[in-house]
Every structure is written in C-alpha cells, then in structure tokens.
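Q: Here it is, the structure in full.
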Amino acid sequence: MSVQDHNGPHVVVASELIGFVARLFAAVGLPSDAAAEVASGLVEADLEGLPSHGVMLADMYISRLRQGSVSRELGAAVVSEHDGAVVLDAGHALGQLTGRQAMTMAIEKSRQFGAGIVSVRHGFHFGTAGRYAQQAAQFGCIGIVMCNTRPLMPAPGGAERVVGNNPFAIALPTAGDIPVVLDMATSEAAMGKIRMAEKAGEPIPPTWAVTQNGQPTTNPSEAIAGMLLPAGGAKGFGLSFMIDLMCGLLSQGAFGSQVRPLYGDPRLPYDCSHMFIAVDVAHFCDVDGFRQSVASAAERIRTGKRAPGVDRLFAPGEPEWRRRQRANGKILLDPAVATMLKTLADELGVPGYPFLNMTKENGNA
C-alpha cells in the first residue's frame, strides 16, 4: 500500500473497507454476521458509484444504534400471513437485515402463488432498493421494491413538504452478466447526493431543490432546509404519492408526515414503511426464454442509433454495473467520509484505518 493522497479521494480496497465498517458496527453491539451484511450493503453502493447510499451513512446508522432509535434485532416479526401476502414488523431494525429477509419471503411465496408481496412497517433505511429487486431477479423472479420517506417535496404549485421522494426499483431476470434494473428516487436528485455535496462544500444544480420559500438554489444547505423537486414535475409527485400510500397503508405503518426525518433526532425512530414484491416468471412463461428476451431487448437499446456527440447508450442498471466493473474492487472515498470513519473508529476503539493507506494508482480507482 502506498501513502495516502491528501489532495484527493482515498482509493480504498472494498473488501478491507467492508471488514473495517463491519468492525464499527460490531463495536456497537451487532453480531459479526449482521455487521458484515450491513457493511456489504453500504460498500456495494459505493462500488456502483452511489456514495449517497454508501459508507457515508455509517455515522448516522451508528448514532441511531447508540441512541436506541435503531434496534439491534436481526430480523422482523411476522404480523400476518395470508397466502402470498405477508406483513412484517421490522421493529426499527437495520433495513439491510429486514430487507433481505422480506424479499426472501416474497420469493418463497411467489414459488407457490405466482407472486409474493411483503409489506413492512416500523422500518429503517435499507440502502439501495435495487439491491433487493436484484435479489429476486437472481432467483428467476421480477423484483419490485419501494419505500416511503418523510415529506421532502411539495405538490405541484404547493409551498410545503407533503410527500417523500419515495424510491422504487424493478429488476428483471436476464441472460448474461449485465443486470436489467431500474432503481430511482422520485425526486430529481436524492437527498443523500445533496448531503454529499454539503459535506464536500460543492454546489448543486439549480433543478434539484428549492429553498423554504420555493426559490431555486444551488446551496446544498439551503436545499436540505428547503424542499426537493419531483422528477418529471406532476408525474414524479403522483408516483411518489402512490408509493407512500401503498407502503404505509398495506403494512398499517407510517406514511406522510408520520415518517420522521432520517437525519433528525437520533433518539426517535425513523419509522418508514417498505414493500417487497416478487413475481415468479415460471408461473407465466419459460424462464430461460424470458431471460433471453430481456437480454435481447437491452442489447437493442445499447446498439440503437445515437444522437450526435453521444458515445454509447445504456439500458437501465448498466451504468452502475459498468462503474462496478471499472472499480475493480476499489472505491474512491471522499476525504470527508474517510475522516468521519476515522473519527468513529477512535470513538469506538476500533483499530486500523486501511482506507487511509492507499492513494490513486495511475489516476484510476
């Protein structure tokens, strides 16, 4: 390992970072297996170029664990189970643990009933929704995942936060290595990206958010205090509203303003609601044929006619996959995030800072 570059991002070996972050979670009481699962979920987001859902969340997660608003339970409890419909109570456990549990149950139900639907109440942040949608796709199912958040966006023409930028993901089984998955928040940009900009001291595009008075802003701090803008205007707002109600009402959990701020008082549960759906393709058609058709459709996108100046076209999920391939098991870690992890390690008595011991290699991670 070479000496750290103080003028730019830290180049980190992903496997070492997973182990280090897992030790941080173990230091606050998580069993080693659960700690590794949470750490893996965060680092995978960083590998895919999604740092807003990556290890930058570790300090917030750990603060909530220490303050008691996130429990150390390893799974959710079954509230009700009727054929392919299940309701779980996550009990404010870490979403990476209850999310994988819920999608596993949805897949199992789909084998019997064609589709499994698992609603989850009293949930916590689970990272990227696409991670669980792809879990279903790997087992020959269409995976659909959605979640509500605290209100962050106004209604069209409104001047107050009334609905979250509620994310959803859809993944299809496909042939070949490149996944076909849509994973998106319903805002123009995720709040995590704005927080990353704030930590880095960088401006944001003026289309991402407005101030408390509804004025466009490039200041991430003003955006965090203000309101996010929905993707596609009224269409994004309407989609988010429907996700909010489906997640909250079917689970009989929180929705709307009942969901608390993720970065609010760490003593108060976040209390979001999730939904996991698995559709077993084999109940409808030949799975191998389905996979080949999906792969062919994605290839048609990639090989389609390009506009002037465009180098290549991508099917949904491909940019993240290609970023992961280019990463080659390494992550460009923002210096502010590296400092945060080191501070956490000092507080918790966790030795070793592998992420501080590497630098850029030939300019690439």
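Q: Under 5 Å between amide hydrogens, which residues at least 5 positions from Ser187 or on another chain qualify, with H placed 1.01 Å from N in the peptide plane?
A: Here Ala231 satisfy the definition.
Q: Also: What whole-number distance in Å separates the alpha-carbon centres of the stretch 269-326 and the stretch 18-33?
A: Result: 32 Å between the Cα centres.
Q: Sticking with this one: Report, by chain and number, residues whose modeled amide H sits under 5 Å from the one on Ala209, excluding near sequence neighbours (fewer than 5 apart, same chain).
A: Result for Ala209 returns Thr217, Leu229.
Q: Using only alpha carbon pairs under 8 Å that are at least six residues apart, calculate the relative contact order of the chain and give it in whole percent.
A: 25
Q: Cα centroids of the stretch 333-348 and the stretch 119-160: how far apart, whole angstrom?
A: Using only Cα atoms, the two centres lie 28 Å from each other.
Q: Need the list of lysines near Lys342 for cross-linking: C-alpha distance under 30 angstrom, and skip anything on the same chain fewer than eight residues off.
A: Lys193, Lys199, Lys330, Lys360
Q: Membrane-span-like helices in the chain: DSSP H runs reaching 15 Å or more (Cα, own axis), mean Kyte hydropathy at least -0.5?
A: 14-27, 32-47, 234-251, 287-302, 335-348
Q: Treating only the Cβ atoms of Lys and Arg (+1) and Asp and Glu (-1) as charged, compute the dipole magnitude of the chain about its Cα centre; round to the nearest 20 debye.
A: The calculation lands at about 420 debye.
Q: Taking a cut-off of 18 Å between Cα atoms, list the aspartates and glutamates near Lys109, but don't count ones fewer than 8 places away on the same chain.
A: Within reach: Glu81, Asp83, Asp89, Asp280.
Q: Can you give me the orientation-averaged projected area of the convex hull built on the Cα atoms of the stretch 208-302, in nm²?
A: With the hull built on Cα positions only, its mean projection is 10.3 nm².
Q: Long-range amide H contacts for Val163: which residues qualify at under 5 Å (H placed 1.01 Å from N, peptide plane, sequence gap of 5 or more or a different chain)?
A: Leu152, Met153
Q: Students often check this: by mean Cβ neighbours within 10 Å, which of 334-344, 148-158, 198-208 ranks highest, and how do the rest follow?
A: The packing order, highest mean first, is 148-158, 334-344, 198-208.
Q: Oh, and also: Project the alpha carbons of the stretch 229-365 onto their principal axes and report the range along each, largest first, in whole Å.
A: Sorted from largest, the Cα extents of the stretch 229-365 read 54, 51, 35 Å.
Q: Let me ask another. Bin width 20 Å, origin at 0, all Cα-Cα pairs of the chain: what percent of pairs per bin?
A: 28, 61, 12
Q: On to the next question. What Kirkwood Rh does the stretch 62-144 have if only Cα atoms enter the pairwise 1/r average? Answer in Å.
A: 13.0
Q: Another question, then. What is the percent of Cα-Cα separations in the stretch 188-229 that go past 16 Å?
A: 16
Q: Provide, in order from the shortest bin, the percent of all Cα-Cα pairs of the stretch 223-269 in each 5 Å bin, continuing until the bin that contains the maximum pair distance.
A: P(r) for the stretch 223-269, in whole percents per bin: 5, 18, 19, 23, 23, 11, 3, 0.
Q: Over all distinct alpha-carbon pairs, what is the Kirkwood Rh of the stretch 157-218 in angstrom?
A: One over the average 1/r among Cα pairs gives 14.1 Å for the stretch 157-218.
Q: Just the number, please: Stokes-Einstein D of the stretch 1-80 in µm²/s, Kirkwood Rh from C-alpha pairs, 20 °C, 1.002 mPa s.
A: The calculation lands on 155 µm²/s.
Where a number appears in this text, it was derived from the coordinates with a stated rule and is not lab data. None of these values were measured; they are calculated from a predicted model. Cβ sites come from the backbone with ideal geometry, for glycine too, and all protein chains shown count toward neighbours.
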